[in-house]
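These notes concern the structure reproduced below.
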Amino acid sequence: MRLSLTLELGDRETPPDFASRLSTRACRDDMREFCRDFGIDPQGVINGQPDGVFALADLAGVDRDRLLRESFTRLDGPKRQFRHRGQELLQSSLVRNRVRMCPACMAEDIERLDCRLAARPHRRSMWLIRGMRTCDRHGMALAEVGKLDGPHVIHDASRAIADAIPRLQFLADAAVLRSPSKLELYVARRLQGTASGSWLDGLPLYAALHLPLVTGAVALHGPKVALDDLDGDEAWECEAAGFEIVDKGAAGIRSFLDELQGPFRSRRSSAGPKVMYGRLYDWLAHESEDRVYDPVRDIILEHAVETLPFGPGDTLFGRDVGARRLHSVHTAAQEFAVHPKRLRKALRKAGLAGKDSDSLIDNRVVADPDQVTVLARELKEAMNMTAARAYLNVPRPHDEGLVQTGLIKPMIEKPRSRAGMHYTFRKADLDEFLERLLRKADPALGDDPAFETLLKAAKRCCCPVMDVVRLVLDGKLERVGRSPAERGFLSVLVDAREVRPHVVGPAYDGLSLREVEKRLPAKSAAVKALVGKGLLATVTVKNPVTGWMQPIVREEELERFEREYVSLHKLAQERVEHFARVKKSLVAAGVAPVGDPDELKQTLYRRCDIPPSSMPS
């Protein structure tokens, strides 16, 4: 049978919408009753069943395949799922109880057709898809023209469209003008069967629609966003923003997750994925069990375990996270029963925690789990200075000397409340020091009387104890003994005769003040007075034995002094006369001494002031 009053099939018109227009064209108020009038199952038309769709096409005299292609075919299965143009959609992906139209398209339909006015405008199939909110032909946001309330009218769209025709001018004037979003363009290409190369191609169309919406909503409105509170324009903005993120695949999603984590890194309260990722995590963890979203769950899980201190026993999306990728101060302190403050300081000292870690809570200070595990175990065995001193068997103050010279290095050091430092040492570092110190120590030399402890050998050689220790550590001594009566540091024995050449510095060129006393001769006080008054010049050099700085007099300087000056006693010796007689003759000749004899601790004359007759022959 063929209708006499039929219609031309509209562009991208669905079977139930076409049936509704035919019913309106025939002045039949109910699309379902219209179908039954001609023996067509209306539910078959609605569900996209070929028999019902073909029967409708034959009744109206339109192309069967073209009409069937625009149907939303109901699929069998537990999910309310549909197939449209080869793409999978859920009932939640469709807008079926609200009729959305482009006012400009409605006006064109009315202008183009000449049948009954109510039967002229028709809805395009893509406008039933929730994420399609813009007419790509006119760059105009779709307007909601009416609702289809009740099971008997939900697919009878022409009723709502007809009621909106009187308001068409208002709808056109109020319409928002905008270009389709990248998501809408992507969906349009996908419905046309055109490959885009997007990461979303790996998901069913319903997932490719909903994932950008949730992602964009969280991006624009925060982790606690309520999707149901978004109006159409807000949802369009969210979908556009979300598409920019998820279109890049794992890289884009991971970058977005980094942004969500950012505000929580410096907070003084702990937060997990549920708080950080918010609505996105809740939806995937608790609201949807659909396995098609597993690739997204995998990305979030991988990101979480790489950036947060999750470990065995922790679960995300109902899955065990597996091997630990990060340890935090909090998790490591719990696992290894180490105080978190000690662990934090050790991480800083080892370079495993950044400079900003002091401002972070324990659960935010994270590092490689293997390195943290080693460090935490070392802390369990670590010793303070008192314990380390006893372990090494080194007496005070030489324990401090070992630290100050870098022969042992603390893993943690901090100022005490009073003067000084508090040190914590790794047992492994102390063991390494002892191993090096005792490596060449021969117990057979323990009874040799020439060998003595490091402390006695240093005293005998007038050098620092640490210099002798370094000689042993550097292997510069041929023979090192070991006392069976002692252990550790005090058990090491050396021969001072072998040590001395290593600690004695180069000889200086000159005379010590003691040697100057003997050469002049003069008392110590007199020599010091000469130096103090600038009559005898000195230079400061390092003592080759003690290593201390001391004044000396160069040989040429002493010879100059002896040429220019002479003491009363030295002059008396040269004349072989009593000094009193010599002084009396000098006074008679008007020769005055140099300076004040009390200050110089001697009576000193310039040789040039002494008359030739008074000089010895």
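Check which residues have an amide H placed less than 5 Å from GLU88's amide H, if you skip close sequence neighbours.
Correct list: LEU205, TYR206.
More than 30 Å apart: what percent of Cα pairs in the stretch 15-180 qualify?
Values: 1768 of 13695 pairs.
Value for the stretch 15-180 (Cα pairs over 30 Å): 13 percent.
Where nothing but the Cβ of Lys and Arg (+1) and of Asp and Glu (-1) is charged, how large is the charge dipole of the stretch 15-180 around its Cα centre, in debye to the nearest 20? Don't skip to the answer; put the middle values down first.
Details: 28 positive and 23 negative charges, 108 e Å.
Around 520 debye, computed over the stretch 15-180.
What dipole magnitude, in Debye to the nearest 20, does the stretch 183-314 give about its Cα centre under +1 on Lys/Arg Cβ and -1 on Asp/Glu Cβ?
Charge dipole of the stretch 183-314: 480 debye, to the nearest 20.
If neighbour count is taken as other Cβ atoms inside 10 Å, put HIS84, HIS286 in order from fewest to most.
Numbers: HIS84 22, HIS286 11.
Neighbour counts put them in this order, fewest first: HIS286, HIS84.
About the Cα centre, and with charges only on the beta carbon of Lys, Arg (+1) and Asp, Glu (-1), how big is the dipole of the chain? Nearest 20 debye, please. Walk me through the numbers before you get to the answer.
Values: 95 positive and 89 negative charges, 613 e Å.
So the magnitude is around 2940 debye.
Taking loop as defined by DSSP and a crowding limit of 16 other beta carbons within 10 Å, which chymotrypsin sites (Phe, Trp or Tyr not before Pro) in the stretch 1-91 fit?
Working: sites: PHE18, PHE34, PHE38, PHE54, PHE72, PHE82; in loops: PHE38, PHE72.
Sparse-neighbourhood loop chymotrypsin sites (Phe, Trp or Tyr not before Pro): PHE38.
For ALA143, enumerate residues with amide H under 5 Å from its amide H, sequence gap 5+ or separate chain, H modeled in the peptide plane.
Amide H neighbours of ALA143: MET101, CYS102.
Angle check, please: helix 340-349 long axis (alpha carbons) against the longest principal axis of the chain (alpha carbons), in degrees 0 to 90, nearest 10.
Approximately 70 degrees, to the nearest ten.
For each pair in LYS182/LYS248; LYS349/LYS380; LYS345/LYS414; LYS427/LYS476; LYS570/LYS601; LYS79/LYS274, compute the distance between the two Cα atoms and list the pairs where it is over 18 Å. Don't skip to the answer; put the middle values down first.
On the way: LYS182/LYS248 13 Å; LYS349/LYS380 16 Å; LYS345/LYS414 9 Å; LYS427/LYS476 26 Å; LYS570/LYS601 14 Å; LYS79/LYS274 27 Å.
Correct reply: LYS427/LYS476; LYS79/LYS274.
Loop only per DSSP, at most 16 neighbouring Cβ atoms within 10 Å: give me the trypsin sites (Lys or Arg not before Pro) in the stretch 548-580, ordered by residue number.
Sites meeting the loop and neighbour criteria: ARG554.
Which of the chymotrypsin sites (Phe, Trp or Tyr not before Pro) found in the stretch 457-554 are loop residues per DSSP with 12 or fewer other Cβ atoms within 10 Å of their Cβ? Before the final figure, lay out the partial values.
Details: sites: PHE489, TYR508, TRP548; in loops: TYR508, TRP548.
Passing both the DSSP loop test and the Cβ count: TRP548.
Out of every Cα pair in the chain, what percent are spaced more than 32 Å from each other? List each step's numbers first, then the result.
Working: 134280 of 190036 pairs.
For the chain, the fraction of Cα-Cα distances above 32 Å is 71 percent.
Relative to the longest principal axis of the chain, what angle (0 to 90°, nearest 10) does the C-alpha long axis of helix 369-381 take?
Tilt of helix 369-381: around 40 degrees.
Which whole-number percentage describes the relative contact order of the chain, with Cα contacts under 8 Å and a sequence gap of 6 or more?
Details: 911 pairs, mean separation 38.0, N = 617.
Answer for the chain is 6 percent.
Under a point spin-label approximation (7 Å from Cα along Cα-to-Cβ), what is the LYS533-TYR508 distance to one decimal in nm?
Here the answer is 2.4 nm between the modelled labels.
Whole number please: convex hull volume per residue, Cα atoms of the stretch 183-314, in Å³.
Expressed per residue, the convex hull around the Cα atoms of the stretch 183-314 is 113 Å³.
Could you state the angle between the C-alpha long axis of helix 555-564 and the longest principal axis of the C-alpha atoms of the chain, as a value from 0 to 90 degrees rounded to the nearest 10?
Once rounded, one gets 40 degrees.
Choose one of HIS330, CYS462, PRO50: the residue whose Cα lies farthest towards the positive end of the charge dipole of the chain (beta-carbon charges +1 Lys, Arg; -1 Asp, Glu; about the Cα centre).
Selected residue: CYS462.
Using helices alone, I'd like the mean residue ellipticity at 222 nm for the chain: each DSSP H run of four-plus residues gives -39500 (n - 2.57), total over residue count, nearest 500. Present the calculation step by step, with values, prior to reporting the outcome.
Numbers: 30 runs with 276 residues, N = 617.
Calculated from helices alone, the mean residue ellipticity at 222 nm is -12500 deg cm²/dmol.
Rounded to whole Hz and in sequence order, give me ³J(HN,Hα) for the stretch 281-287 from the Karplus expression 6.51 cos²θ - 1.76 cosθ + 1.60, θ = phi - 60°, writing x for Gly and Pro.
6, 4, 4, 6, 8, 10, 9
Could you work out the mean projected area of the convex hull around the alpha carbons of the stretch 383-503, in square nanometres to one decimal? The partial results should precede the final answer.
Values: hull surface 29.4 nm².
Reported value for the Cα convex hull: 7.3 nm².
Positive end of the dipole of the chain, charges at C-beta (+1 Lys, Arg; -1 Asp, Glu), about the Cα centre: which of TRP199, GLY262, VAL591 has its Cα farthest in that direction?
The Cα lying farthest towards the positive end belongs to VAL591.
None of the figures in this text is laboratory data; all of them are computed from the coordinates on show. This one's a predicted model, so the numbers in the text were calculated from it and none came from an experiment. Please note: Cβ atoms are built from the backbone with ideal geometry, for glycine as well, and neighbour counts cover all protein chains shown.
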